[in-house]
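Everything on this sheet refers to the single structure shown next.
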Amino acid sequence: MRKSEIRELLKVTQDPEIISFAGGLPNPLSFPIDDLKGIVQTVLNNHGKVALQYGATHGVNELREAILERSVKEGMKGGMSMENIMITSGSQQALDAVGKIFLNPGDIAMVGLPSYLGGINAFRSYEANLIGIPLDKEGMRVDLLEEKIKELIKQDMTVKFIYTVPTFQNPAGTVMPGSRRKKLVDIAHEYNLVIVEDDPYGKLRYDIPPVKPIKAFDDEDRVIYMSTFSKILAPGFRLAWIIANEDIMRKLALCKQAQDLCTAPFSQYIAYEFIKSGLLDLHIMRICEMYKPKRDIMINAIKNYFPAGYSCNKPKGGMFAWVTLPEQIDTEAMFLDAFKEKVAYVHGKAFCVDGGGGSSMRLNFSYSTNEQLEIGVKRLGAVIERKMKVLCR
Ligand code: PMP
Ligand code: G9A
């Protein structure tokens, strides 16, 4: 097992002097504290005796029903039932459970280059052989994925699953278009593979219409879908859900019984009441209104303060900008310089299973105040400029 760079950084970035673009944290001002005061009262009044008791492994049925209804609206198959949904203690638990079910030491899973660090670490803890597939502006390159799968089959090696964050990817911010999603499902069909679709950011949309999840293209129940309340409500509830076919669901339930018996029913009832009262959709709108200008401030500040030679996406949603600097710059080594200037980021190598990403960095724009975004990027620009001068000497 390896340390998570993000988790390690969270410890040091708690210093209030540091402007942290490191963790994928929601903005604390987005938390609907006043609304939740009323909701917590309602939960205690209406569901107190069950909300404070141990709950069923799969979760609170009212919440599962509510998630089912929302998932079907997003285009997932109408035939799906509540039995296909399990509530988990964060998506991180779901990622770990998927690793536990599918991966024996040495087994292959395909991941993006770059890919979410928490997923990589969860799968690595089961001694998986993770093979990276490069991303372009439209997410995972499914043409390269197919080539790689064919190559592996020729060597008599089997792939267990494909892990992807198709919408506002963490860390690269990319969105996979519908055609590519469909192609990915076709590839999974062709080679009889499972797709693990991790979708925490799909609702944090700033400039584009909703994109259907990969699971909406899945007629064979081979997509395992997961999403979370962490970015649309609050990560402190540790509340997420996983959708899978019944065979996989049975195994997930066994994992969960060993992991934590059940997800906190109190959190689940709060989320349920939040949805039922119509507050969730309103709240998501408010979060997007808060984050869109933050994205713009960060991207403009990068244009203003970073020396020429970098490339950076303008993410259409989510929480991250992905910047690649000239290749002589090692962002892991530069981190200490940045830290001295009281600004933090996550270096790109942390997200790349092939050891690449050395000149890239992930910058989170949701957590900081607008003022900090401007100042932090300015500080970082100066650090990069100094580094480039030294390297060019
Ligand atoms: N997957 C991705 C892609 C994430 O970015 C995160 C959180 N940063 C998670 C999973 C884990 O989320 P949760 O808080 O639900 O455990
Ligand atoms: O580890 C955490 O606190 C969750 C954040 C994930 C990320 O930074 O991508």
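The values are calculated or read from the model by the stated rules, or taken from the named source; none is laboratory data. Computed from a predicted model, the values in this text were never measured in an experiment. Every residue, glycine as well, gets a Cβ built from its backbone with ideal geometry; the counts of neighbours run over all protein chains shown. Accessible surface is based on the protein model in full, side chains and every heavy atom, while ligands, DNA and RNA are left aside. Shrake-Rupley method; radii C 1.70, N 1.55, O 1.52, S 1.80 Å.
Details
- Meets criteria (closer than 30 Å to Thr158 by Cβ, away from ligand 2 (no atom under 16 Å from the Cβ), open to solvent by less than 10 Å² (accessible area, probe 1.4 Å) and at pLDDT 95 or above) for Ile248: no
Residues are listed down the side, and each one gets a yes or a no for (1) of a type in the set (S, T, N, Q); (2) out of contact with any strand residue (DSSP E or B) (no Cβ under 6 Å at 6 or more places or on another chain); (3) surrounded by 18 or more Cβ atoms within 10 Å (Cβ to Cβ):
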{"position": "Ala338", "(1), (2), (3)": "no, yes, yes"}
{"position": "Tyr345", "(1), (2), (3)": "no, no, yes"}
{"position": "Val353", "(1), (2), (3)": "no, no, yes"}
{"position": "Gly357", "(1), (2), (3)": "no, yes, yes"}
{"position": "Tyr367", "(1), (2), (3)": "no, yes, yes"}
{"position": "Asn370", "(1), (2), (3)": "yes, yes, no"}
{"position": "Leu380", "(1), (2), (3)": "no, no, yes"}
{"position": "Ile384", "(1), (2), (3)": "no, yes, yes"}
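- Against the numbered list (1) away from ligand 1 (no atom under 14 Å from the Cβ); (2) part of a helix (DSSP H, G or I); (3) hydrophobic (A, V, I, L, M, F, W, C), Leu95 comes up short only at (1).
- Exactly one residue out of Leu233, Leu239, Leu204, Leu280 is open to solvent by less than 30 Å² (accessible area, probe 1.4 Å), within 21 Å of the chain's Cα centre (by Cα), touching a residue at least 40 places away in the same chain (Cβ under 8 Å) and closer than 30 Å to Val159 by Cα: that is Leu239.
- Here the condition is being surrounded by 21 or more Cβ atoms within 10 Å (Cβ to Cβ), aliphatic (A, V, I, L, M), away from ligand 1 (no atom under 16 Å from the Cβ) and in the same structural domain as Glu146 (by TED's automatic domain parsing); of Val60, Val72, it holds for Val60 alone.
- Looking only at the range 207-247, and only at residues there that are of a type in the set (Gly, Ala, Ser) and in a helix (DSSP H, G or I), the one that is farthest from Arg181 (Cα to Cα): Gly236
- Scanning the range 36-47 for residues that are surrounded by 15 or more Cβ atoms within 10 Å (Cβ to Cβ) and within 28 Å of Ser368 (Cβ to Cβ) returns Leu36, Ile39.
- The single residue among Pro326, Pro315 that is farther than 14 Å from Glu5 by Cβ, crowded, with 24+ Cβ neighbours inside 10 Å and not assigned by TED's automatic domain parsing to the domain that holds Leu113 turns out to be Pro315.
- Ile6 more than 16 Å from ligand 1 (Cβ to nearest atom), open to solvent by less than 30 Å² (accessible area, probe 1.4 Å) and more than 22 Å from Cys262 (Cα to Cα): no
- Residues being farther than 17 Å from Thr228 by Cβ and aliphatic (A, V, I, L, M) - total across the range 265-314: 10
- Residues of the range 32-73 classified as part of a loop (DSSP other than H, G, I, E, B) and either touching a Gly at 6+ places or on another chain (Cβ under 8 Å) or of a type in the set (Val, Ile, Thr) (or both), total: 2
Yes or no, residue by residue, for (1) in contact (Cβ under 8 Å) with a residue 60 or more places away in the chain; (2) within 15 Å of ligand 2 (Cβ to nearest atom); (3) buried (at least 22 other Cβ atoms within 10 Å of the Cβ):
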| site | (1), (2), (3) |
| --- | --- |
| Thr88 | yes, yes, yes |
| Tyr116 | yes, yes, yes |
| Leu145 | no, no, yes |
| Asp156 | no, no, no |
| Asp186 | no, no, no |
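- When Gly99, Gly23 are checked against the criterion of being open to solvent by less than 20 Å² (accessible area, probe 1.4 Å) and at pLDDT below 95, Gly23 stands alone in meeting it.
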